[in-house]
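Heads up: the structure comes next, in structure tokens.
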Amino acid sequence: MELKKRSLKLELLGFFLLNMFVVSTARKTIPSINWVVKETKYRRLCSSKKILTVNGLFPGPTLYVRKGDRLIVNVHNHGNYNVTIHWHGVKQPRNPWSDGPDYVTQCPIKPGANFSYEIIFSREEASWFKGDVMEIIQTALADGGEPNKSDAFTINGQPGDLYNCSKHGTFKVLVHYGKRYLLRVINSVMNEEMFFAIAQHNLTVVGMDGAYIKPIETDYIMITPGQTMDILLTANKSPSHYYMAGRAYAGAVYDNTTTTAIVKYTGNYTAPSTPSFPSNLPNFTDIDAVTNFTNRIRALASKDYPVNVPRKVHTRLYITVSVGSVPCVNDSCDGPNGSRLAASLNNMSFVDPGVDLLQAYYKKIRGIYETNFPSVPLYFFNFTSDDLPDNVYTPLKATKVKVLEFNSSVEIVFQGTNIGAENHPMHLHGTSFYHVGSGFGNFDNKTDPKGYNLVDPPELNTVGVPTNGWAAIRFRANNPGVWFMHCHLDRHSSWGMDTAFIVKNGATRLTSIRRPPRYLNPC
């Protein structure tokens, strides 16, 4: 059977963990920027290979903007694969046409073609853009099994000196004693949640996913794929060299290596032969470290940054998150017992349509998708039990979406299951949401809502669903358009752990989808 090629939603940051940048400049329409997506040869880990880059750079270019700016980025695809670019965490008010996910809001940019993205910044404090590593994803999709583990994690494109042939290029941060620095940390690793720490230094987390939070004093962080954090670092230790390090929080398949960079103080001193390593960096399986960190996250909830969590809910969704499998002819695939791995939400494994959902919705093209994505699981059982019924392992393959009324308030409870139990980072495009509660085991709709935090819940766009646990979010559907929702572990998203929300237009022009651009790429 021939598989349709998935587009490469250019994850500029690909296999690396950390990117530090500051978002600033004038509030105005900025002249158009040209980006060329092309293959460029890079040397890492003792060998050379070509990787997909933007303007030949890895990491790619940083854009400097302020809240309220409007930016045009002309993307020219000189690579060998279809590409799109998603502006992660940018809400794109009324402008789903430039959101980016292939076959959801646009058809891909084919090799040799181009597309102009109009990026509208609203309340975001910092954002980034993303994609996949094509060869790994396509091989896994063709074979039906798990993708290969990464060869290395990197910090700003460099694996660090714990890997072979990487000492010379290890990323270094130069600091002056007594000064405070802002680190903007992005987890753009494809398939792993990450612990991160700096030897002997405390960190103060002040922002997540483009919104401020009550400052958290900590000696480590846990950050899921797709999440961003703003972290203050005070250089107040004896002048020397100190490792910053990142390692995975274990999933079903994970890379058990550690990436490093070096915090290097200025001044006259004798540098150590080996930098100090963060003894407080949690181990791969330390679930308590995950829980202890995430439970401390609260919104700033001040006069200037109020919390507007919906108190009355119009639409409630209870969504199970699972990784099952579907049969293969002659049991010929690499999944369990010769099957093909298939992830799902409420037992629905998303199938890419032949025409992107946004065009189909806007132009009223029939037969592309169905609007009956289930509001509750098709089957109720003990979701977190070790003994599961046989009929829940095989999801239904379909293209189903959920339609929301404009300005309606929505609550989603994501329920982790023991069908491929992992911590799932769920990401929603087009809006931020309030993370009002989470816990382990099966969600109890009578008792658990009594413990919701409706006073200062953090405003996020990516939330981790605990392994064999649940996470509850609330948001207001006030951004008309078609908006993708998916697990930010790329292998799960590629297997179908996706759906989309269609938010209907409001009553006025300013509460309705903007007109499409003059040119849309064909599918």
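The values are calculated or read from the model by the stated rules, or taken from the named source; none is laboratory data. Everything numeric here is computed off the predicted structure, so don't read it as measured data. Note that each Cβ is placed from the backbone with ideal geometry, even for glycine, and that neighbours are counted across all protein chains shown. Heads up: the accessible areas ignore ligands, DNA and RNA and are worked out on the full protein's heavy atoms, side chains in. Shrake-Rupley method; radii C 1.70, N 1.55, O 1.52, S 1.80 Å.
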Residue list for the stretch 336-349, filter: crowded, with 17+ Cβ neighbours inside 10 Å and touching a helix residue (DSSP H, G or I) at 6+ places or on another chain (Cβ under 9 Å): Ser339, Arg340, Leu341, Ala343, Asn347
In the stretch 395-422, residue nearest to Asn505 (Cα to Cα) [restricted to those that are open to solvent by 30 Å² or more (accessible area, probe 1.4 Å) and part of a strand (DSSP E or B)]: Val403
The lone exception for Ala360 - which of (1) surrounded by fewer than 18 Cβ atoms within 10 Å (Cβ to Cβ); (2) within 14 Å of Val401 (Cβ to Cβ) it fails: (1)
Any strands (runs of 3 or more DSSP E) falling wholly within the stretch 4-96 and containing at least 3 residues that are open to solvent by 40 Å² or more (accessible area, probe 1.4 Å), modelled with pLDDT of 60 or more and closer than 25 Å to Thr257 by Cβ: 29-44, 47-54
Options Leu460, Leu404, Leu489: the member that is in contact with a strand residue (DSSP E or B) (Cβ under 9 Å, 6 or more places away or on another chain), closer than 29 Å to Trp97 by Cα and at pLDDT below 95: Leu489
Residue satisfying condition, being within 18 Å of the chain's Cα centre (by Cα), open to solvent by 40 Å² or more (accessible area, probe 1.4 Å) and over 27 Å from Glu124 (Cβ atoms), within set Tyr269, Tyr254: Tyr254
Evaluation of Val307 against (1) assigned to a strand (DSSP E or B); (2) open to solvent by 10 Å² or more (accessible area, probe 1.4 Å); (3) within 25 Å of Val410 (Cβ to Cβ) (one fails), failing number: (1)
Residue, most open to solvent (accessible area, probe 1.4 Å), within the stretch 97-125, restricted to residues that are among the polar types (S, T, N, Q) and modelled with pLDDT of 95 or more: Asn114
Residues of the stretch 177-215 classified as within 19 Å of Ile287 (Cβ to Cβ) and part of a strand (DSSP E or B), total: 5
Selected residue (criterion: nearest to the chain's Cα centre (by Cα)) from residues of the stretch 432-480 that are of a type in the set (Gly, Ala, Ser) and closer than 21 Å to Glu422 by Cα: Gly464
Test: Asp352 is open to solvent by 10 Å² or more (accessible area, probe 1.4 Å), out of contact with any strand residue (DSSP E or B) (no Cβ under 7 Å at 6 or more places or on another chain) and farther than 20 Å from Gly496 by Cα: no
Members of the stretch 171-191 that are open to solvent by 10 Å² or more (accessible area, probe 1.4 Å) and more than 20 Å from Gly267 (Cα to Cα): Leu182, Arg184, Asn191
